[in-house]
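To start, the structure itself, in structure tokens.
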Amino acid sequence: MDDLRYQVDLLTALNQKLQAEERMYRLFFDTSQRAFLYINYENGSARTLGSWNTFFDMTINEAARLPELEEYFSEESKENLRRLLFVEKEGKSRQALDCKLKDEKTWVCVDVSAFKNASGEVVEKIVAVSDVTRQKNHQEELSYMAYYDSTTGLYNRNYFITKLKDYVDKAKESNVVVSVMLIDIDDFHNISDVRGIVTGDEIIQNLGIYIRGLTEDNVIASRFDSDIFCIAIFDPCGHRSVDTIYRSIKEYLGKPMKLTDMTDASISVSVGVAEYPESSDDALSLINCAEIVMYKAKKQGKNTIKFFDTAILNNFLNEVNIENKLKEAVLSSSFYMNYQPQFYAGNKRLRGVEALIRWKDSDGNMISPSVFLPLAERNGTIIPIGDFVLNESIRQFMEWKKKFDLNIVLSINISSIQYTKPDFVPKIMAALNKYDMNPELLELEVTESVLIDDFKQITDKMLELRDYGIKVSLDDFGTGFSSLSYLRGLPISTLKIDKSFIDNVLKDDTSKIIIETVINMSKKLGFETVAEGVETKEQLEYFTENTSCDLIQGYYLGRPTDEKGIEELMLRII
Ligand code: C2E
Ligand code: CA
Ligand code: CA
């Protein structure tokens, strides 16, 4: 009897312990954020635990009902769910699946642990389901940020390059063309300076969204940089050709863009195009080639499209080559000066000389200043070059002055970059001091382009130079904006009429009328006038006999020559 009681007590105690444990496990499950499903294949039972009811509004109590779970999952996820639940695989497997729970798209992570019996058959499974929507959204956002531009929804630069590389690889296999279009908004900096960054962004966004609408199979587009877009077309033909895409962008920009602040914006774009295989067989170089011609399009007046071709490539390589040589030349100072005489129109006496730089590169080729000076202005070498011109020509001029004691003027060309430097005037004064030259014998030639940058600052500098007695002449008059009215306020002493007018003066009456008006006006304003590029006897006669032009410069009376040539001329006239 005691024995029996003992066994009952023991069973009760055991039962209590089991109940306590069951309670503990239940608490574990119930307080967990996960839904659990236990499946026993041996007896066909199933049991749901934990937060099952917060996920699914059905319970499963037998293994046979497992397929009912599928209805919660998306079509793509169903297959993966089946694999997790029904494929007899030992151990753990895990997958994130999307499903619709309580009418909301939810991402769940499904963990499955399978257990085998002694004979190796899977007899039990635990399926744990957790909600990972937040993590998944965050991850999607991160990968979106990695691939897309958030303002326009277009690919970003990196992802675009990866895709373009795929296009080029594919094109190599299938022997087709890939076109790359680089599209840059004209004067965007002005637009965003004047109208603000927010409007600037809105313009970029509108154009970006329009460009996104042009993408399709085999056409991808990206926001490449702030206001630069890049489109790549695989196997361009028919409606997905460069021409069609360019035309639709032009058509879109042809109408004013309506902005949210109720104003309009009118913009244009410059487009550069390069194609595989003609321009390059490498994705990055294709973009570079497109960029080169895009800048060419900008230079040629914007709002246009340019295609890369071998002539442009050679020209570009040539420029790069010259640019490198130019840097070497500055270091090895392989420049020298020529001088071109200027004569009084009336008595043909020498008025002065214009200093003109010359450069023979390391291969012995003469490179024209019209070719290398724009490059020197771009890469900054114009400053040391300008210093050389200033010092060398003043030194030479003073040597002649001592030798021949002529009362003549030295004209030096000054680039607008030099003019804008704060030490520009002090540098001139230092060179004059160094060679003890009278400032009144120096004339600085500037083109109208210097005035465009900052009219007030430049004219202030001109006034300062004039106070020192230095003359300023306006070069190439007639090629810039050439308004006669702005000449009135300009502190210059000489006006040089551009050669292009002189070329035409005997050919058409309009040039004659213009030249005569300019010369008369110039006289009234108290300037001396120079006719530049006078090449023939007839031209010379026209100026001396029919106009009151003061000075003549040109091949007919004297070409630019080295110092020996000028010395011979001086010897003849003293
Ligand atoms: P520019 O100041 O208008 O100089 C006159 C140019 O016309 C010179 O060309 C000269 O050789 C050329 N020329 C003069 N008379 C005639 C003529 O009758 N017929 C023809 N066909 N040409 C004539 P160059 O020396 O090649 O200089 C070209 C330009 O380079 C100059 O135009 C000037 O803007 C710039 N330049 C030359 N030397 C310097 C310099 O030392 N410093 C700066 N900043 N610019 C310079
Ligand atoms: Ca000149
Ligand atoms: Ca000139």
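Values for this structure:
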| quantity | calculated |
| --- | --- |
| Cβ-derived FRET efficiency at R0 45 Å, ARG395 paired with GLU535, nearest 0.05 | 0.90 |
| Stretch gain in nm, segment ASN407-HIS239, where the contour uses 0.36 nm per residue and the Cα spacing is subtracted | 53.3 nm |
| Cβ-Cβ FRET estimate between SER174 and ALA146, R0 fixed at 35 Å, reported to 0.05 | 0.75 |
| The chain - Debye-derived log10 I(q)/I(0), Cα point model, q = 0.06, 0.12 Å⁻¹ | -0.57, -1.21 |
| Contact order relative to length of segment 148-308, as percent, for alpha carbon pairs under 8 angstrom and 6 or more apart | 29 |
| Selected from ILE519, VAL129, SER285, residue furthest toward positive end of dipole (the chain; charges at beta carbon) | ILE519 |
| Cα-centred dipole magnitude for segment 16-75, charges only on beta-carbon of K, R (+1) and D, E (-1), debye, nearest 20 | 420 |
| In nm, spacing of pseudo-spin labels at LYS100 and ASP423 (7 Å Cα→C-beta vector) | 7.6 |
| Distance between modelled label sites at ASP503 and ARG65, nm, 7 Å Cα→Cβ extension | 9.5 |
| Segment 288-367, relative contact order in percent, only Cα pairs under 8 angstrom and at least six apart counted | 19 |
| Counting all C-alpha pairs of segment 23-96, share separated by more than 19 Å (%) | 41 |
| Length gained when the stretch ARG82-GLN205 is fully extended (0.36 nm per residue, less Cα-Cα span) | 39.9 nm |
| Backbone N within segment 57-99 under 19 Å of label point (7 Å from ASN40 Cα along the Cβ vector) | 59-66 |
| Cβ crowding within 10 Å averaged over residues, with 63-70, 219-226 ranked highest first | 219-226, 63-70 |
| Gain upon complete extension [LYS258, ILE574; 0.36 nm per residue less C-alpha separation] | 106.5 nm |
| Contact order normalised by residue count of the chain, Cα under 8 Å, 6+ apart, percent | 7 |
| Separation between Cα centres of segment 270-315 and segment 346-405, rounded to whole Å | 35 |
| Accessible surface of segment 329-573, 1.4 Å probe, proportion on carbon and sulfur as whole % | 51 |
| For segment 324-378: span of alpha carbons on each principal axis (Å, largest first) | 46, 22, 17 |
| Within the chain, helix-based [θ] at 222 nm, where runs of 4 or more DSSP H residues each add -39,500 (n - 2.57), nearest 500 | -15000 deg cm²/dmol |
| Two-site label geometry, ASN137 and PHE28: point separation in nm, points 7 Å out along Cα→Cβ | 3.2 |
| Rounded, prolate or oblate (a/c below 1.5 giving rounded, otherwise prolate when a/b exceeds b/c) for segment 1-149 by Cα gyration tensor | prolate |
| Cα shape, segment 456-539, gyration tensor, a/c 1.5 rule | prolate |
| Rounded to whole Å, sorted largest first: equivalent-ellipsoid semi-axes of segment 148-308, Cα gyration tensor | 27, 16, 14 |
| Two-site FRET efficiency, ASN318 against GLU440, from Cβ-Cβ distance with R₀ of 41 Å, rounded to 0.05 | 0.45 |
| Coarse-grained scattering of segment 366-476 at q = 0.14, 0.18, 0.21 Å⁻¹, given as base-10 log I(q)/I(0) from a Debye sum over alpha-carbon atoms | -0.57, -0.94, -1.24 |
| Signed unit charges on C-beta, dipole axis of the chain, positive-most listed residue SER334, LEU551, ILE412 | LEU551 |
| Shape category assigned to segment 108-168 from the gyration tensor of Cα positions, a/c cut at 1.5 | oblate |
| Distance from segment 538-552 to segment 22-98 (C-alpha centre basis), Å | 103 |
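The values are calculated or read from the model by the stated rules, or taken from the named source; none is laboratory data. Everything numeric here is computed off the predicted structure, so don't read it as measured data. For neighbour counting, all protein chains shown are included, and Cβ atoms are generated from backbone atoms with ideal geometry for every residue, glycine included. The protein model used for the area step is the full one, side chains on, heavy atoms only, and it has no ligands, DNA or RNA in it. Shrake-Rupley method; radii C 1.70, N 1.55, O 1.52, S 1.80 Å.
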